[in-house]
4 protein chains.
Amino acid sequence: MLVARRERTIEWGDCDPAKIVYNPRFFDWFDNCTGGLLEAAGFAKRWLLENTDFTGIPLVESRARFLKPSRYGDRVVIETQATDIRRSSFDIRHQLFNGGELSVEAFETRVWTGRDPKNPDRLKSAAIPDEIVARLKGEKTPG
Amino acid sequence: MLVARRERTIEWGDCDPAKIVYNPRFFDWFDNCTGGLLEAAGFAKRWLLENTDFTGIPLVESRARFLKPSRYGDRVVIETQATDIRRSSFDIRHQLFNGGELSVEAFETRVWTGRDPKNPDRLKSAAIPDEIVARLKGEKTPG
Amino acid sequence: MLVARRERTIEWGDCDPAKIVYNPRFFDWFDNCTGGLLEAAGFAKRWLLENTDFTGIPLVESRARFLKPSRYGDRVVIETQATDIRRSSFDIRHQLFNGGELSVEAFETRVWTGRDPKNPDRLKSAAIPDEIVARLKGEKTPG
Amino acid sequence: MLVARRERTIEWGDCDPAKIVYNPRFFDWFDNCTGGLLEAAGFAKRWLLENTDFTGIPLVESRARFLKPSRYGDRVVIETQATDIRRSSFDIRHQLFNGGELSVEAFETRVWTGRDPKNPDRLKSAAIPDEIVARLKGEKTPG
């Protein structure tokens, strides 16, 4: 599977009065990382939105384990990859490492959605394009 | 078990370009609701912080199912209760209802922490006070 | 002028390691309050979006004074009103009171935007409907 | 004056239903950038917190102009520098460039705070250390 990797420094405003990362921030970063995985596969969400019927990949399920707290100023690395890809949904795993140690591990199930021709404001599940599946699987590389 | 209940309207800034709630926002609200549950039990986190060795209840595990999207202007209700209480950790369930329908269901495991006398900046698990356990279980009511 | 009023409790996750509200949170609440002002005027942004050409009221200028910090558990009141209304832009003032004392005061200039017929994804300034102007001014009441 | 520079890509979750950056996000980034300026000056806030009486640099005033909207996928650059440094407060300017064009310009006044010996939970203004002033002014370089 293709692995996308992001680094970031924990910022002051990411932390709560206990001086550790406020947990919803992790979910914000993981959402960004899922976007980053598509981009690493050669299909930025923005390009998909502007050029195809794609409307997004809403989260349908998530699960996370918080193993060690992260603090202001820590440098962390997040590795993201698909772990299972089905017709119109897929599973993603994020591993956040802090000082080389696995500190948060999260799993997401997301559904690929396109425009509903009957109601353009509604989201409708759609088949994930073969090209994207092949790239997420690492069977093909972008470019 | 004691059930804490909160209502809120989905705000513009809670939503993403797909016009549905951006998922980390739910985790923000659920974190608030967990604080609200302690408060409903008669022990606001602020009071605990100022008057006891309590330092917080960091999340160690979470799980969520996103059943139906919520949109700008929707009025939602979140019901929060403990589902299992152990010596120094406990499980919480949040159910978010939108128009009466269960739309998000989330489960958290949190650990009760106190000051580590050897290092005041570190968190250390501690026994949940009996009085709080009794109130979360609904065996005693505040006041 | 019509005054919209909101109350909220400062939540744990609103605060940073200095144990005071992390300043971007205020801007989030003020944005919500601006939406609340339109709603108090009888024109919820959601209704405007679904029934008119309205696309939003993007911020073009803001100014804020942070007079006293707010802390976890504080109960605050925000009062919001228009202070000047022009053809397609208007000024808003938010006053956040904590324990009865003015703690944050913010001023916004926003522009009323509609769909650009040449490019539906772009925003274009538009005249604020007379009915809304009259209600923001308190010259007419909803209903 | 020393200029700190950060780049970032606008993420999906940074944007609202109008498909432009939700304005409080800018204030989050600017707060991060102010921390980055201190770090560029050789004094990371974390180091200051752990090794000196420093408790933070709360915002006392801010002002921003939003000249052009930024959208999902845009690559932006933020340049941050002090514009005036007084005994215990200082002014900061952030300029956010999108595609080379100035898109947001923000000004902050912040106060340097230290521990109040009478009440460790309260913040008290303190003189900005000479060494830091010299570095923010670009009169001395770190290391």
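The values are calculated or read from the model by the stated rules, or taken from the named source; none is laboratory data. These numbers come from a predicted model, not from an experiment. Don't worry about glycine lacking a Cβ; one is built from the backbone with ideal geometry, like all the others, and counts go over all protein chains shown. Accessible surface is based on the protein model in full, side chains and every heavy atom, while ligands, DNA and RNA are left aside. Shrake-Rupley method; radii C 1.70, N 1.55, O 1.52, S 1.80 Å.
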When only the heavy atoms of the protein chains count and the probe is 1.4 Å, how do A:Asp28, D:Asp130 rank by accessible area, highest first?
-> D:Asp130, A:Asp28
Extended-chain gain in nm, criterion 0.36 nm per residue less alpha-carbon gap, A:Val77 and A:Leu102 = 8.1 nm
Size of charge dipole - the protein assembly as shown - debye, nearest 20, with Cβ of Lys, Arg +1 and Asp, Glu -1, no other charges | 0 debye
Percent RCO, i.e. relative contact order, over chain C, from Cα pairs under 8 Å lying at least 6 residues apart = 28 percent
If labels are modelled 7 Å from Cα along the Cβ direction, C:Val3 lies from its partners in the other copies at nm distances, smallest first, of 3.8, 4.6, 5.9
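What does the structure give for A:105-115 when I average, per residue, the other chain Cβ atoms found within 10 Å of the residue Cβ?
Working: counts 0, 1, 1, 2, 2, 2, 1, 0, 2, 0, 0.
Going residue by residue through A:105-115 and averaging, the value is 1.
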Quick one: accessible surface of C:Met1, probe radius 1.4 Å, all protein chains present, in square angstrom to the nearest 10.
-> 100 Å²
As straight-line cross-link partners of A:Lys45, the qualifying lysines (C-alpha separation under 16 Å, not fewer than 8 residues apart within one chain) are B:Lys19, D:Lys19
Around C:Arg6, what is the net charge, scoring Lys/Arg as +1 and Asp/Glu as -1 over all other residues with Cβ under 13 Å from its Cβ?
-> -2
Where labels lie 7 Å past Cα in the beta-carbon direction, separation of D:Arg8 and A:Val3 in nm | 2.6 nm
Kirkwood Rh and Cα Rg combined as Rg/Rh, the protein assembly as shown = 0.95
Given unit charges at Cβ for Lys, Arg (+) and Asp, Glu (-), the dipole magnitude of the range A:80-143 about its Cα centre in debye, nearest 20, is 380 debye
Measure of exposure for A:Ser89: accessible area at 1.4 Å probe, Å² rounded to 10, is 30 Å²
Please list, in chain and number order, the residues 5+ apart from D:Arg122 or on another chain whose amide H is under 5 Å from its amide H, with Hs placed from the backbone.
-> D:Asp116
Length-normalised contact order of the range C:1-74, Cα under 8 Å, at least 6 apart, in percent, tallies to 48 percent
Average beta-carbon neighbours from other chains, 10 Å sphere, peptide A:6-16 | 6
Got a sec to turn the phi values of the range D:86-102 into Karplus ³J(HN,Hα) couplings, 6.51 cos²θ - 1.76 cosθ + 1.60 with θ = phi - 60°, whole Hz, x for Gly and Pro?
-> 10, 4, 10, 9, 8, 10, 10, 10, 10, 10, 9, 9, 10, x, x, 9, 4
If you find the alpha carbon centre of the range C:31-92 and of the range D:92-120, how far apart are they in angstrom?
-> 23 Å
Taking a label point 7 Å from Cα toward Cβ, how far is D:Asp53 from its twins in the other copies, in nm, shortest first?
-> 3.1, 6.2, 6.7
So how exposed is C:Val60, as accessible area in Å² (1.4 Å probe, rounded to 10)?
-> 50 Å²
In debye to the nearest 20, the charge dipole size for the range B:4-136, taken about the Cα centre with +1 at each Lys and Arg Cβ and -1 at each Asp and Glu Cβ, equals 120 debye
The range C:124-136 - phi-based ³J(HN,Hα) in whole Hz, Karplus 6.51/-1.76/1.60, Gly and Pro as x = 9, 5, 9, 5, 6, x, 3, 4, 6, 4, 4, 6, 5
Residues meeting the amide H criterion for A:Val60 (H placed from the backbone, H to H distance under 5 Å, 5 or more places apart or on another chain) are A:Thr109, A:Arg110, A:Val111
Where GluC sites (Glu not before Pro) fall in DSSP loop in the range C:59-143, at most 14 other Cβ within 10 Å = C:Glu139
Please give, to one decimal in nm, the separation of the simple spin-label points placed at C:Asn119 and A:Lys137, each 7 Å out from Cα toward the Cβ.
-> 4.0 nm
Can you pull the mean other chain C-beta count within 10 Å for peptide C:63-76?
-> 4
Copy-to-copy label separations for B:Pro117, where each label sits 7 Å from Cα toward Cβ, in nm and ascending = 2.8, 7.3, 7.8
Work out from phi, with θ = phi - 60° and the Karplus expression 6.51 cos²θ - 1.76 cosθ + 1.60, the ³J(HN,Hα) of each residue of the range C:10-20, listed in order in whole Hz, and give x for Gly and Pro.
-> 5, 9, 3, x, 7, 10, 9, x, 7, 6, 10
Name the longest site-free stretch of chain C, where the excluded sites are trypsin sites (Lys or Arg not before Pro) in a DSSP loop with no more than 14 other beta-carbon atoms within 10 Å.
-> C:1-85
Helical contribution to [θ] at 222 nm, DSSP H n ≥ 4, -39,500 (n - 2.57), averaged over chain B, rounded to 500 | -6500 deg cm²/dmol
Taking amide hydrogens as modeled 1.01 Å from N in the peptide plane, which residues meet the under 5 Å criterion relative to B:Leu67, leaving out close sequence neighbours?
-> B:Val104, B:Glu105
